[in-house]
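Q: Once you've had a glance at the structure underneath, I'll fire off some questions.
Values quoted throughout were computed directly from the atomic coordinates according to the rules given, and no laboratory measurement underlies them. All of these numbers come straight from a predicted model, not from anything done at the bench. Glycine also receives a Cβ, built like all others from the backbone with ideal geometry; neighbour counts cover every protein chain displayed.
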Amino acid sequence: MIEPGFIVHPGGSHEVWKSKNVSEINGFMNVWGSPFYGDRLDLLINDIDTDASEGAQEKALQAVTHWIRAKMLLGDTDSAVNPGAAFILCEDGKEPGNFARSGSLEVAAHPAGSVFFAPENLSNRCLFLEGLLEQNQFNCPDLKGAEAAAFCAGAMLYKILVKKNPYASGLSLSQDMREGIFVPPHIAAPGLDKELCELIISALLLPDLKRRTGKTGTDIISELLNVLTSGKTDIPSLFRKLTAEETAQLESEKKAYITKYDKLVKVKRFAARNRTAIIVSAVIFIFLLFTVISTIRNLNERPTTAGMESDTVVLAYYDAFSTLDHIFMEACIMGATKVDINAVASLFAIVKTRQAYELNADILIPAQRWKAEGGELPAPNVFGVTDLSIEFIKGSEAEEMYVYNVNYLLWAPGENAIYRYDLLTLRRDKRGNWRITEIQRTER
């Protein structure tokens, strides 16, 4: 009863939702809290089964885009992942006037794009009573955090764009998720945007450690938001027209894929049921082989600080503020606080949202460029680091440790510049790359 929910606004702010009281109506317990007017996300998506129009698809696609943005804005804050626990305000005007009254509660109307994440355990109880938990097509029970959100986003987009769930319902649903058994979206929906297909595949392969593409849950969520807010706001813009030859080729490829994986799944399930009859050494060898290949591929594809000196890592970390490169910033960190990364990731989501609606490439001006052009005040749209000064304090190659004192000005939109003094400790990781292990910060 004390578990909170969250209402996330498209501008980046969020409020905590808490239950106000409980009552009983017709034998059912009712939990009351601040009103929120929106559509339940899973129902919007499932409406496609009865309404195959582009309007229903586009409304569901818009709702999922709001959901993805809200997940990014919440960052590390835990919120319900099941789309049945999310309510989306897709359009202005759903709430009566500037203020809405419900009983003794009065709340300000929320802007379009707001998302309400209901308390997870409470919403799961409601969904259980509706019989919607056992055959949940959008959530894999093995994933947590950003990976769970990325998988859910991929499954929802698959359903909207392909008009079919990625997995067959039944007893094998969870196993199909774990093994990545689904028809790839570029085959199931011919002509679908290539980049979007690759991201959906990356999301749906997250439960399968052997076949992961190398992208983390955070990478997938960030890149999906980038694609969905890049101006392709309607369903036709996400598809290209295929020639008759391409259509025939994809249809042939689809039949071959289904035949191949139908046999493969039967073999795998047979092996699982009769695993004691399989030679243990062969199983161990295959497992190690796939694990090594997957690990090497993941490490090769992710950004690293390989080949960079310690002072270069420090400089690149602070330069990444201005470019909003939160993915590279994460590669620089090993054990140190991630407060900077979360702040930059949230601002990245806000900027992409505004660019989609306002079609303005200079919504946010990098601080370094602003200063090079004269640095005129006031500077409400400037973000990044200027006046950077890096001072070596101590350490050596022999100690495999360096300490630097970093002084700089941090410019944030709508705020005065903050003077920061960071004491950074860098050490080598297992691969011999320099990474930041501690940040001691003073600011005024």
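Q: Does Ile390 satisfy being closer than 27 Å to Ile68 by Cα and in contact (Cβ under 8 Å) with a residue 60 or more places away in the chain?
A: Numbers: closer than 27 Å to Ile68 by Cα: no; in contact (Cβ under 8 Å) with a residue 60 or more places away in the chain: yes.
So Ile390 fails the test.
Q: While we're here: On the given criteria, is Ser230 of a type in the set (S, T, N, Q) and over 20 Å from the mean Cα position of the chain (by Cα)? Step through it out loud before you land on a result.
A: On the way: of a type in the set (S, T, N, Q): yes; over 20 Å from the mean Cα position of the chain (by Cα): no.
The answer is no for Ser230.
Q: Among the residues of segment 390-432, which ones are small (Gly, Ala, Ser) and either over 23 Å from Ala306 (Cα atoms) or under 29 Å from the mean Cα position of the chain (by Cα) (or both)? Steps first, please.
A: Step one: list which residues in segment 390-432 are small (Gly, Ala, Ser), which gives 395-396, 398, 412, 414, 417, 432.
Across segment 390-432, the qualifying residues are Ala412, Gly414, Ala417.
Q: Considering only segment 200-228, state which residues are closer than 15 Å to Ala345 by Cβ and among the β-branched types (Val, Ile, Thr).
A: Across segment 200-228, the qualifying residues are Thr216, Thr218, Ile220, Ile221.
Q: Show the residue pairs meeting these rules: Cβ distance below 7 Å; 6+ apart or different chains; first residue within segment 12-28 and touching a residue at least 60 places away in the same chain (Cβ under 8 Å); second residue small (Gly, Ala, Ser) and in a strand (DSSP E or B).
A: Qualifying pairs under 7 Å: Trp17/Gly5; Trp17/Gly33; Ser19/Gly33; Lys20/Gly33.
Q: I'd like the full set of residues that are closer than 21 Å to Gly395 by Cα, of a type in the set (D, E, K, R) and not in a loop (DSSP other than H, G, I, E, B), limited to segment 408-444. Reasoning before the result, please.
A: Looking only at segment 408-444, we keep the residues that are closer than 21 Å to Gly395 by Cα, and these are 421-441.
From the residues that got through so far, the ones that are of a type in the set (D, E, K, R) too are 422, 427-431, 435, 438, 441.
Across segment 408-444, the qualifying residues are Asp422, Arg427, Arg428, Arg435, Glu438, Arg441.
Q: Can you tell me which residue in segment 322-362 is nearest to Leu424 (Cα to Cα), limited to those that are free of Cβ contacts under 8 Å to residues at least 12 places away in the same chain and of a type in the set (Gly, Ala, Ser)?
A: Ala343
Q: Would you check which residues across segment 169-207 are of a type in the set (Ser, Thr, Tyr) and within 19 Å of the chain's Cα centre (by Cα) and list them?
A: We begin by selecting, within segment 169-207, every residue of a type in the set (Ser, Thr, Tyr); these are 169, 172, 174, 202.
Within segment 169-207, Ser202 is the sole residue that qualifies.
Q: Restricting to segment 375-404, and then to whatever is within 19 Å of Leu364 (Cβ to Cβ) and polar (S, T, N, Q), can you tell me which residue is surrounded by the most Cβ atoms within 10 Å (Cβ to Cβ)?
A: Thr386
To keep it simple, each residue is scored yes or no on (1) surrounded by 19 or more Cβ atoms within 10 Å (Cβ to Cβ); (2) touching a residue at least 24 places away in the same chain (Cβ under 8 Å); (3) not in a loop (DSSP other than H, G, I, E, B).
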| position | (1), (2), (3) |
| --- | --- |
| Phe116 | yes, yes, yes |
| Leu132 | no, yes, no |
| Ala153 | yes, yes, yes |
| Met156 | yes, yes, yes |
| Leu161 | yes, yes, yes |
| Pro166 | yes, yes, no |
| Met177 | yes, yes, yes |
